[in-house]
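Quick notes on the structure that follows.
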Amino acid sequence: MDRLDSELSENDLGDGLKAVGIDRPDSIGALQDAVRARSASGQAMFAQGGRTSLDYGGIPRCAGAIIDTRKLNRVIEYPAADMTITVETGMTLAAIAKVLDAENQRLEIDAPQADRATIGGVYATNSTGPRRYGSGRPRDQIIGVGFVTSDGNVVKGGGRVVKNVAGYDFPKLITGSMGTLGVISHVTVKVRPKPEASALMVFAYDDLNVVASDLAILNTSVTRPVAIELINGPALTRLGLPHSAWAIALIFDDNEASVAWQMQAIRSELAGKVVRDERDQASAPLQGALREFTAERIGPISFVANVPYSFVATLAMSVDSAVWAIQSHAGNGVVRAHALVDDLARLEADVVKLRDLTESVGGNMILSLCPTDRKASLKVWGNPRGDWAWSEKVKAALDPAALMNPGRFVGNI
């Protein structure tokens, strides 16, 4: 869903709309002032950080002002012994990683485009990568948040210590809300020691039935991979991996002895053929490629389906590999696919068919990339669900004038 900076103008709101103005606050107080001024004039506001997801979600209902958060890029507090860090919303993941390196710690958020993606943007979009299986989602890492509502007030939830669970759970509420409740000002997240060792193994398959069997084995394996990625042939080619119809990529993070033992044990458990087997720094390029592939822009449409773990292989089998490149976070039941062709009629038919199949098992499908003129008909957020009404009530309570990123989230919120 990413577009390069060179493809964007500074006042681009996404989906062809242009901003009526830009504010670049350099402190939380300045952020409050900017929001109050825009609110007083009745202008809609669109928070932007690294602009890696500018076209993600629905179409803005109107033009408005950009609130550029990139100057809010400071560490507020880093008690390394407590394994938490509090940072302003505009810090990039790469900048946070550099701070954590000094204490041999890392952020357990495996989102793509770390040099551009801001922590606020990651939490606004709920962006994740392959390691979500072992590390959890962004909402599992956040313990405190501050955000500025459309009246210019800072709302805070959670705290700066892991054991603080009192009060309404604003940290999780704000995660994935697409900036529709307010502009995130700062977050407190958990960090972890860097693992002593890391490894990546790729198992190749020609028969998806064997894949399904091995995925079932991984559900009860004696090993503990932090990522289980199911990849089809076209995606393997783009990742520079040996060609096969399918592959399962596994990532292990732990101490040296444990990683070595898990790599040996998994060979005896799975039926696939090992085609890549790399440790530590040698595995870093491919681990990075798997993370970045989640944000690829290949064709005009990309989808993300969430289904039960046991249904991943069935859904993957229903996707035409001549039309879609698949990368599934199989351990979490998340199936991603990027279109390989430009035939919108064919792609639309596939989206309808695959969404019906996904919803038949209680899952859902969204479109992470979609042409602007097809967003309404293809339902980028999927078919309406019961929880959408609750989202609308929360939106009305925190942003009664509907000035914050209007139109981007579910139900045209």
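The values are calculated or read from the model by the stated rules, or taken from the named source; none is laboratory data. Just so you know, these numbers come straight off a predicted model, no measurement behind them. Here the Cβ positions follow ideal geometry from the backbone for every residue, glycine too, while neighbour counts run over all protein chains shown.
Answer with yes or no whether Ile66 is touching a residue at least 40 places away in the same chain (Cβ under 8 Å) and β-branched (Val, Ile, Thr). Can you show your working first?
Details: touching a residue at least 40 places away in the same chain (Cβ under 8 Å): yes; β-branched (Val, Ile, Thr): yes.
Yes, satisfied.
The set of residues in the stretch 39-65 being out of contact with any helix residue (DSSP H, G or I) (no Cβ under 7 Å at 6 or more places or on another chain), part of a loop (DSSP other than H, G, I, E, B) and closer than 18 Å to Gly121 by Cα consists of Arg51, Leu54, Asp55, Gly57, Pro60.
Tell me, yes or no, whether the stretch 188-210 has at least one residue that is at pLDDT 95 or above and in a helix (DSSP H, G or I). The answer is yes; a qualifying residue exists. Among the strands (runs of 3 or more DSSP E) confined to the stretch 277-392, there are none with at least 1 residues that are in the same structural domain as Gly411 (by TED's automatic domain parsing) and modelled with pLDDT under 95. Consider Thr180 carefully, then state whether it is part of a loop (DSSP other than H, G, I, E, B), assigned by TED's automatic domain parsing to the domain that holds Leu290 and of a type in the set (S, T, N, Q). Against the criterion (part of a loop (DSSP other than H, G, I, E, B), assigned by TED's automatic domain parsing to the domain that holds Leu290 and of a type in the set (S, T, N, Q)), Thr180 does not qualify. Could you tell me whether Ile22 is surrounded by 17 or more Cβ atoms within 10 Å (Cβ to Cβ), out of contact with any His (no Cβ under 6 Å at 6 or more places or on another chain), at pLDDT 95 or above and of a type in the set (A, V, I, L, M)? Against the criterion (surrounded by 17 or more Cβ atoms within 10 Å (Cβ to Cβ), out of contact with any His (no Cβ under 6 Å at 6 or more places or on another chain), at pLDDT 95 or above and of a type in the set (A, V, I, L, M)), Ile22 does not qualify. Residues being within 20 Å of Gly129 (Cα to Cα), under 27 Å from the mean Cα position of the chain (by Cα) and touching a residue at least 40 places away in the same chain (Cβ under 8 Å) are represented in the stretch 204-218 by at least one member. Selection within the stretch 262-275: residues that are buried (at least 16 other Cβ atoms within 10 Å of the Cβ) and of a type outside the set (Val, Ile, Thr). The member of this set that is farthest from Phe252 (Cα to Cα) is Gly272.
Does Arg61 satisfy the condition of being out of contact with any Cys (no Cβ under 9 Å at 6 or more places or on another chain), of a type in the set (D, E, K, R) and over 22 Å from Gly152 (Cβ atoms)?
Here the answer is no, as Arg61 does not meet what is asked.
Here the condition is being among the hydroxyl-bearing types (Ser, Thr, Tyr) and touching a helix residue (DSSP H, G or I) at 6+ places or on another chain (Cβ under 7 Å); of Thr188, Thr128, Thr118, Thr220, it holds for Thr128 alone.
Specify which of the listed residues (Val226, Val210) is of a type outside the set (Asp, Glu) and touching a Lys or Arg at 6+ places or on another chain (Cβ under 6 Å). Quick ask: steps written out before the conclusion?
Details: Val210 fails: touching a Lys or Arg at 6+ places or on another chain (Cβ under 6 Å).
Just a single option satisfies the conditions, and that option is Val226.
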